[in-house]
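**Q** Input: one structure, supplied below.
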Amino acid sequence: MSQPRQHFASDNYAGMCPEAARWFMEADACGHQPAYGDDIWTQRVSDELRALFQTDCDVYFVFNGTAANSLALASMCQSYHSVICTPQAHIDTDECGGPEFFSNGSKLLTTDPLTPAAQLAKLTPDEVERLVTRRNDIHYPKPKVVSITQATELGTVYTVEEVRAIAAIAKRRQLKVHMDGARFANAVAHLGCHPSEITWRAGVDVLCFGGTKNGIPVGEAVVFFDRALSEDFAYRVKQAGQLASKMRFISAPWVGMLEKDTWLRNGRHANAMAQRLYQGIKDVPGVRVMHPPEANAVFAFLPPQAIKTLQNDKGWRFYDFIAGGGCRLMCAWDTRPESVDAFVADIAATCTAL
Ligand SMILES: *Cc1c(COP(=O)(O)O)cnc(C)c1O
């Protein structure tokens, strides 16, 4: 039997990985369990996440990344505060004002889009410093949080040194550090470091640890390394409609992800598929890859006519509106090498025929 067609639009096109599915079913097989997170699975996975990060962090589970980011930022800000992020930040461009809404108006301050770092969707200590010191009068929303996305919206990855340097400025300026880790697994897989090294040991206060794009059916973990920030967080989650009554079905799949480092293996696989795709298309005439991939996405400019043919005639799905007209070609935990090869062959044939 032939395998179902795969696409390169988003890693959330992929389903759940067998390890997550297995523990999802285990959570069902254990019969009645207390609701709202008092079940054995949520307790167990929270402990396992503390063991993974080697620290006594507070852990919460929500349905999606928008809620994770919005509620985490709301817990770090008053309404008159501001959050420093890049122009590409998901919190600014793709959350429909969720962070502003849940914080009752905290403003997002985006960095200069024209710096070399910004072209790679990265913040720099200099840009943080510039935004913090630009104004200090009462009329300006007081910077309170720096938010970095790891891996970034452009498939790049902050090094441990880069995160440390940003966090050092943040600390000096009394800002908290938030990490949008929708693709945290891909970042750690790329860096080969311990997950603690790129988070709390580098100065990160709160991590939104993505599960969905890494092979979980639904759900993200919000991990508070600075436990003072999680005060009353449970109430925020409930008020926002993010408290799952059968929470075990969100938490139990994480057992499968953490067991034998499935989350990292999934991240590594998706990254490797992006490398394969990059190698396959980088020298195709008419294709201009924006930068070598570090995580699980390749960003490239393709001729407009080729995009049309690939999407409409060849049936490939991928986004072509991200990053100023570039195409985002995203690999997932389950992307097969043959799918990459078929996509590469169609891109090459289409571009060559123009
Ligand atoms: C996907 C994604 C999220 C979460 O999005 P949801 O659709 O709300 O789950 C957050 N940040 C980044 C960078 C993402 O790519």
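The values are calculated or read from the model by the stated rules, or taken from the named source; none is laboratory data. Please read these numbers as outputs of a predicted model, since none were measured by experiment. Note: ideal-geometry Cβ built from the backbone for every residue, glycine included; neighbour counts use all protein chains shown. All accessible areas refer to the heavy atoms of the entire protein, side chains included, with ligands and DNA or RNA removed. Shrake-Rupley method; radii C 1.70, N 1.55, O 1.52, S 1.80 Å.
**Q** Which stretch or stretches of the stretch 187-230 have amide N atoms under 19 Å from the point lying 7 Å from Arg44's Cα along the Cα→Cβ direction?
**A** Hits in the stretch 187-230 for Arg44 at 19 Å: 216-221.
**Q** Take the cross-link list Lys282/Lys314; Lys213/Lys238; Lys213/Lys308; Lys282/Lys308; Lys176/Lys260; Lys213/Lys260 and give me the ones stretching past 29 Å between alpha-carbons.
**A** Lys176/Lys260
**Q** Once the stretch 101-200 is represented by equal point scatterers at the alpha-carbon sites, with solvent omitted, what log10 I(q)/I(0) does the Debye formula produce at q = 0.16, 0.21, 0.23, 0.25 Å⁻¹?
**A** -0.71, -1.15, -1.31, -1.45
**Q** Further question on the same structure: Divide by every residue of the chain the summed helix terms, -39500 (n - 2.57) for each DSSP H run of at least 4, and state the resulting mean residue ellipticity at 222 nm, rounded to the nearest 500 deg cm²/dmol.
**A** Per the formula, -11500 deg cm²/dmol.
**Q** Taking the alpha carbon gyration tensor of the stretch 298-337, what are the square roots of 5 times its eigenvalues, largest first, to the nearest whole Å?
**A** On the way: eigenvalues 63, 41, 10 Å².
They are 18, 14, 7 Å, listed from largest to smallest.
**Q** Heavy atoms only, probe 1.4 Å: what % of the accessible area of the chain goes to carbon and sulfur, would you let me know?
**A** 52
**Q** Can I ask one more? Just to be sure I understand: with springs between alpha-carbon atoms less than 10 Å apart, which residue in Asp205, Asp334, Asp137 has the highest mean-square fluctuation in the Gaussian network model of the chain?
**A** Comparing Asp205, Asp334, Asp137 in a Gaussian network model of the chain, the most mobile one is Asp137.
**Q** A follow-up question, please. Out of Phe249, Phe53, Phe321, any idea which swings most in a Gaussian network model of the chain, alpha carbons joined below 10 Å?
**A** Phe321
**Q** Roughly how compact is the chain, stated as its Cα Rg over 2.2 N^0.38 Å to two decimals?
**A** Against the empirical 2.2 N^0.38 Å value, I get 1.00 for the chain.
**Q** Using a Förster distance of 25 angstrom, determine the FRET efficiency expected from the C-beta separation of Asn136 and Phe101, and round it to 0.05.
**A** Values: r = 27 Å, r/R0 = 1.07.
For Asn136 and Phe101, the calculated efficiency is 0.40.
**Q** Among Gly315, Tyr278, Ala353, which residue has its Cα furthest toward the positive end of the charge dipole of the stretch 262-353, with +1 on Lys/Arg Cβ and -1 on Asp/Glu Cβ?
**A** So the residue we want is Tyr278.
**Q** While we're on this one: What full-extension length gain, to one decimal in nm, is calculated for Tyr36 and Ser2 as 0.36 nm per residue of separation minus the Cα-Cα distance?
**A** 8.1 nm
**Q** I'd like the FRET efficiency for Arg173 and Gln119, computed as 1/(1 + (r/R0)^6) with the beta carbon distance as r and R0 of 30 Å, rounded to 0.05.
**A** E(calc), rounded to 0.05, equals 0.75.
**Q** So if the hydrodynamic radius of the stretch 262-353 is defined as the Kirkwood radius over C-alpha pairs, what does Stokes-Einstein give as its diffusion coefficient at 10 °C and 1.306 mPa s, in µm² per second? Don't jump to the answer; show the numbers that get you there.
**A** Values: Rh = 13.1 Å.
The estimated diffusion coefficient comes to 121 µm²/s.
**Q** Please identify, among Arg50, Arg328, Arg135, the residue showing maximal mean-square fluctuation in a Gaussian network model of the chain using a 10 angstrom Cα cutoff.
**A** Evaluated over the chain, the most mobile residue of the options is Arg135.
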